[in-house]
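Everything on this sheet refers to the single structure shown next.
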Amino acid sequence: MKRLFGLAGVFRWGYLAPRLGVVLAGLCVIELGAGWVVKQAIRAAGEPAVGARINLAKSRATVLGSRIELAGLQVANPDAPMTNLVEADAIDLDLDGALLLRKRAVIKRGSVRGLRFGTARVASGELPDLCTSDDTLGATAPGARWAADAAGDKAKAWLENLGQRFTADPQEQFQAPQVARDLRDKWLGEYDQLEALADQIKADSKRLTDQVAEAKKNPLRNAEFLRGVPSEITALREKFRELYARADALPGLIEADRERVAAARRHDEQLLRESLAVSEIDTASLTAYLIGEEVAGPMNQLVGWLRWARRMAPAKIDAGQATRSRGVDVLFGDAKPPPNLLVKTLDLSGTARLAGRPVELSGVLTDFTPQPTRHDQPLRLALNATGALPLRVRATIDRTGATPRDELLADCQGIALPEMKLGGGRWLGLTVGAGPATLNVSLLLEGDTLSGDVQLVQQQVRVQPTRPANPSSRAAPLREALAGSLRRLPTIATRVDLGGTLDNPDFKLWSNLGPAVAQAMESAVRDAVNQQSERLLAASQQEVDKQLAGLTAEVTAARSKLQPLLGGLDESIEQVATQLTGGNPFSKLGRMPAGLLK
Amino acid sequence: MLSLLLRPLRNAALVLLANDSSRQIAAGVAIGMVLGLVPKGNLIAVALGVALFGLKVNRSAGLLSAAAFSWMGAATDGFTHNLGAKALAVDGMQSTYAWLYELPLGPWIGFNNTVVLGSLLLGLYASYPCYLAAKLLLDRFQTPIAAWLKRRRVTRWLLGADLTTRFGTPLGIGVGS
């Protein structure tokens, strides 16, 4: 005992006692201020990681009781600062006190109650000094190769071409009506010329008659003139014969020209067939055209989430030894250091709105750590939604092996999809009515290799072609035929196969909508082409018939007019001859046959 | 403020002018040497600090020694790292190290850091020679140097009026009782 008191004399109790008191007071402050420290630590660590503000209404922590209680947690959405990414009413965490003394925060069991997503915020959640990063939450994958792009362009070009064929007016290029019009003009001109020539002959014969009568009053003085009259009469007769021959040949020539109209008509039919001929469309291209844009956004967002998750849980395995500014921390026993923060089990409960319908969420998050490479168990999330929209989500983030592995399985029954407008192009747009659907997601990210698929099946669908703003009358039959075919489509199944890597994802799109629309289009286009051809050819024929009928009538009228004119000419020439001979001195010239001009 | 600025000089004077024995001063120098060599931010450094302030040793000598050897400690990092790495790699000690590390507060001790353990070993190895050398020097030079210092006006000014009570008799300026 004496020795003990002797040892006690070594210490400066006057120095140690007040300092021990200060240490005890410090421990009390730590116990009382642990809540504030936890609150600041959550904000300091969480805000840079999320990229938005984190608010915490209340925080209580006890070091001696190894328990943390948080209330009113709000994590702002970095993409929409006036909404919360997630909100929780209460969070209770039971820590392993013994491991706290070993520099590790291990939450044995915790619960998050009152989870809500996408709620409105009073103040903006934007961080003023945050540097923007490509890896923001759900950001679009920059290098995404969307296989549907090229196919969609191909279908767009096909539809553009189809539309132009139906809106263009091939009648302008038809030859038959023009040929008929030309013939009509030509033959009417010909008859006009004959008529003018007949009038000329008639005038000449009348002038000659008058001159002969005048000459006969003094035959001796006009003997020279009278000797030349017979040759003039012969010339008149020659002209008359030529005129008569031309008039006689006209009907035959007209018939020959009618053949030209028939040949032009055959040409027009050929032209129409060529202008309305439509090549077969690739069904995959049509699928890409109709659904590509609708699917590309969510798929890129999904890959963005995977990139974000990979950033949150890095794939790189930490070295077994942690380095400090001075020296190296050597670890004993375990091959890798344990994580500094580990949540063994966290019960989740709350509400959410999925596809516009409220659901109750419940689930369990196990083995969560921000240093997953240091833990021997993968992070697992099991989430169930009950209520209007049953949903099961199973996610695994595995960093236990040499190759990082992330897996996501989701099964959602009874999604109420809203009305969608597909295509939206100038030539073909579809409206898919609201209806129930099922969604299955199966994704695997092994290393950097992406695989899996997303399937969406929509039942009891009503698909209708969209009426364009300025509907073309020519496209109306096509639209009606398409609507009739699509009415028979019972379900729409869509599948997106994922491949490639996280940096360069590759998507392949398949849907039964493309083949169904292609089949309907093919049938509708065939019917429309037939109708269009018949209509255009009928219109052309009507024009030709009208021109030819006009030609016939006008030629008949012209012939009727020319016939008496020619008969009068004959008599007029005979009258000149009679007057010259005073009887029948030129009977040897002969007369024209009576029925010659019929 | 002036008092704060002059404290190092005052502490330096107190190494020799305090009423501590040469053993206490030498022990303070030895503990300060180990504290100076060891990197801070671990329970070993805290324990050494508590020892320096809690034991009846010359605190001023310890603090001056710690400050001086802190500069030296950084320069010996290469050697202490190798020394610590070798010590931590001893096969027969692995289970002991693991047990120690798994103890409550084990990771806070900091012994698993190569430089911490190496500098601790170096400091412990050099502490007794350092103690002996310091004691030898003090036994020989403390009294004449202290007497010389006491004669200096600047020394009296440095120590200040608050210390007159403690040094009143030797300095001849004590309060009357």
Taking the range B:41-53, which residues are over 19 Å from A:Tyr15 (Cβ atoms) and either surrounded by 16 or more Cβ atoms within 10 Å (Cβ to Cβ) or modelled with pLDDT of 90 or more (or both)?
B:Asn42, B:Leu43, B:Ile44
Given (1) within 14 Å of another protein chain (Cβ to nearest Cβ); (2) modelled with pLDDT of 90 or more, index of the condition A:Ser59 fails:
(1)
Here are A:Ser523, A:Ser533: which of them is touching a Leu at 6+ places or on another chain (Cβ under 6 Å), in a helix (DSSP H, G or I) and of a type in the set (S, T, N, Q)?
A:Ser533
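Return a yes/no flag: does the range B:133-149 have any residue that is more than 9 Å from chain A (Cβ to nearest Cβ) and in a loop (DSSP other than H, G, I, E, B). Reasoning before the result, please.
Step one: filter the range B:133-149 for residues more than 9 Å from chain A (Cβ to nearest Cβ), giving B:133-149.
Next cut, in a loop (DSSP other than H, G, I, E, B) only: none.
There is no residue in the range B:133-149 that is more than 9 Å from chain A (Cβ to nearest Cβ) and in a loop (DSSP other than H, G, I, E, B).
May I ask you to list the residues in the range A:354-382 that are of a type in the set (D, E, K, R) and over 21 Å from A:Arg311 (Cα atoms)? Before the answer, list the steps.
The first filter runs over the range A:354-382 and keeps only residues of a type in the set (D, E, K, R), leaving A:357, A:360, A:367, A:374, A:376, A:380.
Once the filter is applied, which keeps residues that are of a type in the set (D, E, K, R) and over 21 Å from A:Arg311 (Cα atoms), the range A:354-382 yields A:Arg357, A:Glu360.
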Would you mind telling me which numbered condition in (1) within 29 Å of B:Gln94 (Cβ to Cβ); (2) modelled with pLDDT under 85 A:Gly356 fails?
(1)
With the condition kept exactly as written, say whether any residue in the range A:474-494 is modelled with pLDDT of 85 or more, under 18 Å from the mean Cα position of the chain (by Cα), surrounded by 16 or more Cβ atoms within 10 Å (Cβ to Cβ) and not hydrophobic (A, V, I, L, M, F, W, C).
yes
Would you confirm, using the coordinates I've provided, whether A:Gln459 is at pLDDT 90 or above, in contact with a strand residue (DSSP E or B) (Cβ under 9 Å, 6 or more places away or on another chain) and either at negative phi or charged (D, E, K, R) (or both)?
no
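Here's the yes/no breakdown for (1) facing chain A (nearest Cβ under 10 Å); (2) under 26 Å from the mean Cα position of the chain (by Cα):
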{"position": "B:Ala61", "(1), (2)": "no, yes"}
{"position": "B:Phe69", "(1), (2)": "no, yes"}
{"position": "B:Ala89", "(1), (2)": "yes, no"}
{"position": "B:Tyr101", "(1), (2)": "yes, no"}
{"position": "B:Asn113", "(1), (2)": "yes, yes"}
{"position": "B:Leu120", "(1), (2)": "no, yes"}
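Quick grid of which residues meet (1) within 18 Å of A:Glu294 (Cβ to Cβ); (2) touching a residue at least 40 places away in the same chain (Cβ under 8 Å); (3) among the hydrophobic types (A, V, I, L, M, F, W, C):
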| site | (1), (2), (3) |
| --- | --- |
| A:Pro404 | no, yes, no |
| A:Leu417 | yes, yes, yes |
| A:Met420 | yes, yes, yes |
| A:Gly423 | yes, yes, no |
| A:Ala434 | yes, no, yes |
| A:Glu446 | no, yes, no |
| A:Gln458 | yes, yes, no |
Of all residues in the range B:62-94, how many are modelled with pLDDT under 85 and crowded, with 22+ Cβ neighbours inside 10 Å?
1
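Please tell me if A:Leu127 is of a type outside the set (Lys, Arg), in contact with a Lys or Arg (Cβ under 7 Å, 6 or more places away or on another chain), farther than 30 Å from A:Val496 by Cβ and at pLDDT below 85.
On the way: of a type outside the set (Lys, Arg): yes; in contact with a Lys or Arg (Cβ under 7 Å, 6 or more places away or on another chain): yes; farther than 30 Å from A:Val496 by Cβ: yes; at pLDDT below 85: yes.
Yes; evaluated as a whole, the condition is true for this residue.
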Before we move on, is A:Ala76 in contact (Cβ under 8 Å) with a residue 40 or more places away in the chain, touching a Gly at 6+ places or on another chain (Cβ under 7 Å) and either among the β-branched types (Val, Ile, Thr) or not in a helix (DSSP H, G or I) (or both)?
yes
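Considering only the range A:21-39, I want to know if a residue exists there that is part of a helix (DSSP H, G or I) and within 14 Å of A:Val75 (Cα to Cα). Before you say what the answer is, go through the steps one by one.
Step one: list which residues in the range A:21-39 are part of a helix (DSSP H, G or I), which gives A:21-39.
Those still in the list that are within 14 Å of A:Val75 (Cα to Cα) too: A:39.
Checked against the condition, which is being part of a helix (DSSP H, G or I) and within 14 Å of A:Val75 (Cα to Cα), the range A:21-39 yields at least one hit.
Answer yes if at least one residue in the range A:85-94 is more than 14 Å from chain B (Cβ to nearest Cβ) and more than 17 Å from A:Leu346 (Cα to Cα), and no otherwise.
First pass over the range A:85-94, keeping only residues more than 14 Å from chain B (Cβ to nearest Cβ): A:85-94.
Checking the rest, the ones that are also more than 17 Å from A:Leu346 (Cα to Cα) come to A:85.
Looking for residues that are more than 14 Å from chain B (Cβ to nearest Cβ) and more than 17 Å from A:Leu346 (Cα to Cα), one finds at least one in the range A:85-94, hence yes.
Could you identify the single residue in A:Arg237, A:Arg241 that is surrounded by fewer than 18 Cβ atoms within 10 Å (Cβ to Cβ) and under 20 Å from A:Gln563 (Cβ atoms)?
On the way: A:Arg237 fails: surrounded by fewer than 18 Cβ atoms within 10 Å (Cβ to Cβ).
Only one candidate passes the filter, namely A:Arg241.
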Pairs needed: first member in the range B:141-167, of a type in the set (S, T, N, Q); second member anywhere, at pLDDT 70 or above and surrounded by 11 or more Cβ atoms within 10 Å (Cβ to Cβ); C-beta distance under 8 Å; at least 6 residues apart or different chains.
B:Gln142/B:Ser22; B:Gln142/B:Ile25; B:Thr155/B:Leu149
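With A:Val106, A:Val112 as the choices, which residue is assigned to a strand (DSSP E or B), surrounded by 15 or more Cβ atoms within 10 Å (Cβ to Cβ), within 14 Å of chain B (Cβ to nearest Cβ) and at pLDDT 85 or above? Steps first, answer last, please.
Working: A:Val112 fails: within 14 Å of chain B (Cβ to nearest Cβ).
Criteria check complete, one pass: A:Val106.
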Can you run down the residue pairs with Cβ atoms below 7 Å, 6 or more apart or on separate chains, where the first is in the range A:1-25 and more than 12 Å from chain B (Cβ to nearest Cβ) and at pLDDT 65 or above and the partner is loosely packed, with under 10 Cβ neighbours inside 10 Å and assigned to a helix (DSSP H, G or I)?
none
Would you pick out the residues in the range A:365-401 that are modelled with pLDDT under 85, of a type in the set (S, T, N, Q) and not in a loop (DSSP other than H, G, I, E, B)?
A:Thr373
Count of the range A:320-352 residues which are in a strand (DSSP E or B) and at pLDDT 80 or above:
14
Taking the condition among the hydrophobic types (A, V, I, L, M, F, W, C) and either touching a helix residue (DSSP H, G or I) at 6+ places or on another chain (Cβ under 6 Å) or more than 25 Å from A:Ala313 (Cβ to Cβ) (or both), does A:Ala395 pass?
no
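The values are calculated or read from the model by the stated rules, or taken from the named source; none is laboratory data. What you see is a predicted model, and the numbers here were worked out from it, not measured in a lab. In this analysis, Cβ positions are derived from the backbone assuming ideal geometry, glycine residues included, and neighbour counts consider all displayed protein chains.
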